1. Tell me the residue from A:76, A:36 that is within 14 Å of chain B (Cβ to nearest Cβ), without any contact (Cβ under 8 Å) to a residue 40 or more places away in the chain and of a type in the set (Gly, Ala, Ser), please.
2. Go through the stretch A:83-99 and give me each residue that's part of a loop (DSSP other than H, G, I, E, B) and surrounded by 14 or more Cβ atoms within 10 Å (Cβ to Cβ).
3. Here are some residues: B:147, B:128. Which one is basic (Lys, Arg) and at pLDDT below 90?
4. Could you list, in sequence order, the residues of the stretch A:80-94 that are in contact with a helix residue (DSSP H, G or I) (Cβ under 8 Å, 6 or more places away or on another chain), free of Cβ contacts under 8 Å to residues at least 60 places away in the same chain and under 13 Å from residue A:47 (Cα atoms)?
5. Look at the stretch B:33-43 and say how many of its residues are closer than 21 Å to residue B:176 by Cβ and surrounded by fewer than 20 Cβ atoms within 10 Å (Cβ to Cβ).
6. Name the pairs: first residue in the stretch A:10-30 and closer than 18 Å to residue A:67 by Cβ, second residue assigned to a loop (DSSP other than H, G, I, E, B) and polar (S, T, N, Q), Cβ to Cβ under 9 Å, at least 6 apart or on different chains?
7. Hey, can you tell me all the residues within the stretch A:180-231 that are surrounded by fewer than 19 Cβ atoms within 10 Å (Cβ to Cβ), of a type in the set (D, E, K, R) and more than 30 Å from residue A:152 (Cα to Cα)?
8. Residue B:10 passes all but one of (1) within 25 Å of residue B:134 (Cβ to Cβ); (2) modelled with pLDDT of 50 or more; (3) away from chain A (no Cβ under 14 Å); which number fails?
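The values are calculated or read from the model by the stated rules, or taken from the named source; none is laboratory data. This is a predicted model, so every value here is computed, not measured. Virtual Cβ from ideal backbone geometry, glycine too; neighbours counted across all protein chains shown.
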Amino acid sequence: MAARRVPLVLLACGSFNPITNQHMRLFELARDHMHSTGQYQVVGGIVSPVSDSYGKQGLVLAKHRVAMAELALQSSNWVTVDEWESQQPDWMETVVTMRYHYGRILKEYERSVGMHNNSNLSPQLKLLCGADFLDTFKIPGLWRDDHVEELVGHFGLVCVSRGELQPERAVHESDLLSHRRHNIFHVREWVKNETSATEVRRALRRGLSVKYLLPDSVIEYIHRHNLYTEDSEMRNKSAVLRPLVKQAQEPVKSLDD
Amino acid sequence: MRSTEISVRKYQFCSKIIFLLTLVSMEGHSITKVVLLACGSFNPITNMHMRMFELARDHLEDTAEQNIDDVDTIKYAKKRRIEENHHDLQLMLLCGADVLESFGIPNMWKQEDIAEIVGRHGLVCISRSNSDPHKFIHQSDLLWKYRKNIHIVREWVTNDISATHVRRSLRRGQSVRYLLPDSVIHYIKEHGLYSSESEQKNADVVLAPLQRYTGASSS
């Protein structure tokens, strides 16, 4: 008797500045892992590049980042790019993006499944991230506590560890995360791969090759539009990350209160 | 992962693919051509193998501070024959630090072969953060003698896609997408390569070089 599996969609938020093979590996590793739990059937993956108003240093225009992601994912039959987040007028909290996508997924699912079989398990949406993402919860003012709770408690995380980082430790050191550890899935990336978008941009600035770190079509796009120069890396250099500004303005539950 | 066993298994001569990368550079009025040769099992080839060529080329270009007029792709180089009347043609062995360190495994290499490779030709060695090729060269009189012909390229960003790991993932039905080209993955699936059975091949066979050189002096 086959156990019924929860249909699962994985959402990856981030700069994707630019998208690399490593980003796409995250999806592959996460899918394999969630399948192997026996409880989930991964039915889709979404790449959601952050909007320009995020204000991160070196961020090139969203239209380019979306275009590159589309090129990279052309050959994928289950992961797609979504530009909703990147098109919002202001930076969107991750949780808001998740709520939007979950609403869409649920509607789509109800439409296709219909009302005749109400014993089917409802689909879930989980945030796919790297281990360094867990550490960002510690940065003061970057996350609202109630958002972290909703993200981890209600939705859930699939966290792929890379290099030397220890995500389990990050969970252990946070009461909030620890309380929800059953909803944080740890995936081990045994292949030590430190390829990062930062390194790719560095190589491009220096005229070095990035072949085999990202798809050829993306490299071609980058050269055609001359993205990633010394100038592009200086963009937003003195700006404050949008989340820090936005959340400072709102009444936030803080440990200092 | 850094055991001798891993290095030794790499030298199974089950298949040897020669990759030629031609670098044309101008130095005054003479043309120096460098061709990089990578030997190995390529069982299977991965993005990491191909990265090695890119890193080596960037390094040599950078070191020599030469302009590249014309760079052949692998596709063209395979079809080309290297003409005899090209003086200043240099062939260099491209490898990882594990190959360099395999020079120290008794009976794996003939000393005169090592001397010819590094003395007459040259070596481009891609090193990772967990190996220290400079120290290894320092500890070998033979390598030290030809240290000028050994180019160490630091791989600052570790990209450790080993063929062993790829075969393991394939055996377990796990995805290897984005570790090697899609076309290679397709080929592997089409021909049903890399199963538990295939991994057992040669399990009790002694590597050819070890068979050949056992009994010869290793100093």
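1. On the way: A:76 fails: without any contact (Cβ under 8 Å) to a residue 40 or more places away in the chain.
Just one listed residue meets the conditions, A:36.
2. Applying the first criterion (part of a loop (DSSP other than H, G, I, E, B)) to the stretch A:83-99 yields A:83, A:88-93.
If the condition is that a residue be part of a loop (DSSP other than H, G, I, E, B) and surrounded by 14 or more Cβ atoms within 10 Å (Cβ to Cβ), then A:83, A:88, A:91, A:92, A:93 are the ones that fit.
3. Values: B:147 fails: at pLDDT below 90.
Residue meeting the stated conditions: B:128.
4. Hits for the stretch A:80-94 are A:81, A:82, A:83, A:84, A:86.
5. Pass one, the stretch B:33-43, residues closer than 21 Å to residue B:176 by Cβ: B:38, B:40-43.
In the following step, the residues that additionally are surrounded by fewer than 20 Cβ atoms within 10 Å (Cβ to Cβ) were identified as B:41-43.
Total meeting the criteria: 3.
6. Every condition considered, the pairs that remain are A:20/A:195; A:20/A:196; A:21/A:195; A:24/A:76.
7. Once the filter is applied, which keeps residues that are surrounded by fewer than 19 Cβ atoms within 10 Å (Cβ to Cβ), of a type in the set (D, E, K, R) and more than 30 Å from residue A:152 (Cα to Cα), the stretch A:180-231 yields A:202, A:205, A:206, A:211, A:216, A:220, A:224, A:230, A:231.
8. Looking at each condition in turn, residue B:10 falls short on (2).
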